[in-house]
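Engineer: One structure, as structure tokens, below. Some questions next.
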Amino acid sequence: MRGRSCCGTTRSTCGGSPASAPTATPRTPWSKPALPFWLMALSMKLLGVGLGAAPDEMVRAPWPELAIRLPSMLTGLGCAVFLGWACARLLAAARPADPGQPVRAGFTPPSPSSPCRSGRSSAARR
């Protein structure tokens, strides 16, 4: 009974401090998102990784590595393409159709005939 703590394990397992004591919140299977694991499993099935009887199948490069990382690579690429498309669409909406028209994104450049803040016109500065 020597070395036992109140939780029924040895002090070396518990750590002996209150900070390492077990918490009241149980770890559930819902604590991690399932979609990445489902996509990895689908990728492994599509590439045929893990279906054979060879015991060293998961350590033969490059197919297992590619099958595991492919969903993350494709998702990252898709997010980058979507971000580029959204930025291009926003910039195209802000760009005037005619170069002489003001920009519609909240910034309007001063016209040559309007006076500046100093009271002089832009034509007088040239």
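The values are calculated or read from the model by the stated rules, or taken from the named source; none is laboratory data. What you see is a predicted model; the values in this text were computed from it and never measured. When we count neighbours, we look across all protein chains shown, and the Cβ atoms used for this are built from the backbone with ideal geometry, even at glycine.
Residues checked against (1) in a loop (DSSP other than H, G, I, E, B); (2) of a type in the set (D, E); (3) touching a strand residue (DSSP E or B) at 6+ places or on another chain (Cβ under 8 Å); (4) at pLDDT 70 or above:
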{"residue": "C7", "(1), (2), (3), (4)": "yes, no, no, no"}
{"residue": "T13", "(1), (2), (3), (4)": "no, no, no, no"}
{"residue": "M44", "(1), (2), (3), (4)": "no, no, no, yes"}
{"residue": "T75", "(1), (2), (3), (4)": "no, no, no, yes"}
{"residue": "A80", "(1), (2), (3), (4)": "no, no, no, yes"}
{"residue": "C87", "(1), (2), (3), (4)": "no, no, no, yes"}
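Engineer: I'd like the full set of residues that are part of a helix (DSSP H, G or I) and either β-branched (V, I, T) or surrounded by fewer than 10 Cβ atoms within 10 Å (Cβ to Cβ) (or both), limited to region 61-73.
Structural biologist: Matches in region 61-73: I68 only.
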